[in-house]
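These notes are about the structure you will find just below.
The values are calculated or read from the model by the stated rules, or taken from the named source; none is laboratory data. This structure is a prediction, so every number in the text was calculated from the model and none was measured. Every residue, glycine among them, receives a Cβ derived from its backbone with ideal geometry; neighbour counts consider all protein chains shown. Side chains are part of the model used for accessible areas, which takes the heavy atoms of the whole protein and leaves out ligands, DNA and RNA. Shrake-Rupley method; radii C 1.70, N 1.55, O 1.52, S 1.80 Å.
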Amino acid sequence: MLPMAWTVRYPQLKNPDMMAPFHVQPHYFFITSLILLQLGACNEVTEETDTATQPVTHWVDPFIGTAAHGHTYPGAVLPFGMVQVSPDNGIEGWDWCSGYHYSDSVIIGFGHLHLSGTGIGDLTDIRLMPTIRQVDLSTSAASRDDLDYRGYYKHDLEQASPGLYEVSLVDQGIEVALTATLRSGLQRYRFPAGASSRSVVLDLAHDTNWDRPTEAMLEIVNDTLITGYRYSTGWAKDQRVYFAVTFSSPITSYIAADSTALQDTQPLVGTRLKSVFDFGEVEGNNLLVRTGISSASVDGALKSLAESDGLSFDEVAKQAELAWGQALQKITISSSNEALKRTFHTAMYHANLSPVTYSDPNQEYKGPNGEVNVSDGYTRYDVFSLWDTFRAAHPLFTITQPDKINDMIQSLLAHYDEHGLLPVWSLLGNETNTMTGYHAIPVIADAYFKGFRGYDVEKAYEAMKASAMQDIRGVAFYKEYGYIPSDLEEESVTKNLEYAFDDWCIAQMASDLGKVEDADYFTTRAQSYQKIYDASSGFMRGKMSDGSWRSPFDPKRSEHRSNTDYTEGNAWQHTWFVPHDVPGLISVMGGNEDFVVKLDSLFSLDSEITGDNVSVDISGLIGQYAHGNEPSHHVAYLYNYAGMPWKTQAQVREILRTQYTDQPDGLCGNDDCGQMSAWYIFSALGFYPVNPALGAYDLGSPLFEKAEINLGDGRMFTVLANGVSDDNLYVQSVKLNGEPLRKTYILHEEVMSGGVIEFEMGPEPNKDWFTTFGPES
């Protein structure tokens, strides 16, 4: 309850004089903490100093991907952090899925949970906003334009770096800085001198796209601590966020409302809660706000809050910078091209955001069973965008994050325990069932065959098999017909192809575990792709339950998620997904020559996509190749398997050159929890996992003169590309640890053993350097 000395301030009507227009002369922007931190980190290095001496965090630009369709956010977060404290523009729409889009100029608050690079908007939970205005909670707001506390900003008064975000709200003269610990967010507000009001709005009522609050609670524990929760439904059908917030100055008065009904009870429970806290005078006009969260309890949120106990804002920001420095130094590069350095290091940054830490300091979390569960002896992770990240992000983690792999696998198995199936696309204790396949299966198989065994292997196999043998998502038809009939299931071709790959993964693990009958069964199912290949058209094509082909057929046609055989794409983009049996795919297509002709056509055709409801995810087009969506990501490397690796080298370089930049629109499609970035990291190094569960990496065309992968324990794997340049993109020869390499791939164990792979690069293809191509499945 509020102390009796406090006053409950009820709102006044909006004062038009307080609503300063956007063209008001902006308040002078403060010198950032980041600059000070970087100066200390690199012995007072200035901009005139050799760029090679800059700390690795200097080369990260969190604004990359915040424009166009990248859907990233610029806010503060730690590697794999539970909290992502970031600005929210308050716009519903596809390009605001992260809460922020670079085209905007309005901020309505700073939320603590955000998704990086996804295609569906959710979260932005526990949103706080400083203001110097009188706020009226008794009137409804149809849009952000009706919010009297909204603020305006300009990009030249906004900056971000790993673990730190700063912005000036130019119409109110408030300077905001954000940083984070693993499970808490810190916000520092600098109010203008002489302001008549210094307030903070807590918004638990907001809608984000189709996310809606179902229940919220707010309790004012004392004059500097508030706690509560927000439950909501949306993409995550049962999301729960508990919070604890402390203020560096005491609250002098407050107002609260449920929808537009003013409330003065404690604790306050409702559906659409908002509150405004006044602070009167604050020391130096600075107010520090700390927020801890948990999906399990207020107690967990309080313990999350304690992560920053005794530390100043600048000290937490420094710790965040150091944490990012350690994460980013897992791979270092040498290049004279500063734009490429920014692009690469930002890709490393984005690839280390998801999955997020989900268990709180009590090791508790809300699971898909609706219960509070305990992660006994491991960190529970969540936000698994598996349709995307199984392809390259998770294989990258086996190199750069080996200490987290077992915990990630345990997290997938915990989801199985709590839900009955492995996750498809899990979001903070919810199964969204978004996208196709059961791609936790290749993630587990990849970890298993790379030697990660810190989990119950038999349970892992049981979970893989259970997910492949249930009767939902088209699997019942798959088992009955041996393929998925187009007239019985949407997106039948994509589902069939992806299940076939997942089946191959199960077969490999079954074989290794001595489960012969299962191995034979899933090996047969893995060949089901051949049943939906139409030799007359040359495409994977929808087949009806009577065995006829679905007609009419247009390989360029796309329909988004309904009345279609393909997921977010067309026949040109999905036909190539047979990563477990590329030789078999080449064979059904008529052999190497016909295969290469078809593959050439993919990249050289016009980029017209037909259909009445074309998927917006089809972006980054080179011909019909769509790099902006994940099903295309392995395709450029398939030339290796047909004996023409120089074509892979040329196409990979073209994708690197045209689909990634160091600008806000530098991602050609959704980053999808780091998959787009992981593709860039692997490909810039010169190799990529076409089959992400095989433990092999297909060679492409390295981008940098030198790259070093720090494997820990003093081991390094070094990639040298002698003579590399924009023109010298073709591999002339390769040596591995001084010995000539005559194959177009390297093995995971060769990378992890440490050593040197050395490419000689030139301007023309060398069509004779290799004798072996395409790792055998």
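Taking the conditions (1) of a type outside the set (A, V, I, L, M, F, W, C); (2) at pLDDT below 95; (3) out of contact with any His (no Cβ under 7 Å at 6 or more places or on another chain); (4) assigned to a helix (DSSP H, G or I) in turn, residue 38 satisfies each one other than (3). Restricting attention to segment 709-764, the residues that are open to solvent by 40 Å² or more (accessible area, probe 1.4 Å), assigned to a loop (DSSP other than H, G, I, E, B), closer than 18 Å to residue 697 by Cβ and not polar (S, T, N, Q) add up to 1. Only one of the listed residues (305, 268, 340) is open to solvent by less than 60 Å² (accessible area, probe 1.4 Å) and more than 22 Å from residue 230 (Cβ to Cβ). That residue is 340. Scanning segment 360-377 for residues that are open to solvent by 30 Å² or more (accessible area, probe 1.4 Å) and in contact (Cβ under 8 Å) with a residue 40 or more places away in the chain returns 361, 362, 364, 368, 369, 371, 372. Pull up segment 523-548, narrow it to residues that are in a loop (DSSP other than H, G, I, E, B) and out of contact with any strand residue (DSSP E or B) (no Cβ under 9 Å at 6 or more places or on another chain), then point me to the one that is least open to solvent (accessible area, probe 1.4 Å). Applying the filter and picking the extreme gives 538.
Scanning segment 477-518 for residues that are of a type in the set (A, V, I, L, M, F, W, C), open to solvent by 10 Å² or more (accessible area, probe 1.4 Å), farther than 30 Å from residue 614 by Cβ and assigned to a helix (DSSP H, G or I) gives 504, 516. Of the helices (runs of 4 or more DSSP H) entirely within segment 549-629, those holding at least 2 residues that are more than 30 Å from the chain's Cα centre (by Cα) and over 25 Å from residue 474 (Cβ atoms) occupy 582-588, 592-604.
Annotation note: Cβ proximity below 9 Å between a residue of segment 759-777 that is of a type in the set (Val, Ile, Thr) and a residue that is surrounded by 17 or more Cβ atoms within 10 Å (Cβ to Cβ) (sequence gap 6+ or interchain) occurs for 771/743; 772/743; 772/744; 772/745.
For segment 73-91, the tally of residues that are closer than 24 Å to residue 616 by Cα, touching a strand residue (DSSP E or B) at 6+ places or on another chain (Cβ under 7 Å) and part of a loop (DSSP other than H, G, I, E, B) stands at 4. Pairing residues of segment 389-407 that are assigned to a helix (DSSP H, G or I) with residues that are of a type in the set (Lys, Arg) and open to solvent by less than 10 Å² (accessible area, probe 1.4 Å), at Cβ distances under 9 Å and at least 6 apart in sequence or on separate chains, gives 407/380.
Yes/no matrix, rows are residues, columns are (1) of a type in the set (S, T, N, Q); (2) at negative phi:
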position	(1), (2)
72	yes, yes
77	no, yes
80	no, no
92	no, yes
97	no, yes
106	no, yes
110	no, yes
117	no, no
123	no, no
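Scanning segment 420-454 for residues that are under 20 Å from residue 510 (Cα atoms), open to solvent by less than 10 Å² (accessible area, probe 1.4 Å) and among the small types (Gly, Ala, Ser) turns up 437, 440, 445, 447. Looking for something open to solvent by 20 Å² or more (accessible area, probe 1.4 Å), more than 23 Å from residue 293 (Cβ to Cβ) and not polar (S, T, N, Q) - is there at least one such residue anywhere in segment 104-112? No. Among the candidates 512, 565, 546, the residue that is touching a residue at least 60 places away in the same chain (Cβ under 8 Å) and within 19 Å of residue 487 (Cα to Cα) is uniquely 565.
Among the conditions (1) over 16 Å from the mean Cα position of the chain (by Cα); (2) over 30 Å from residue 749 (Cβ atoms); (3) not aromatic (Phe, Trp, Tyr), the only one that residue 432 does not satisfy is (1).
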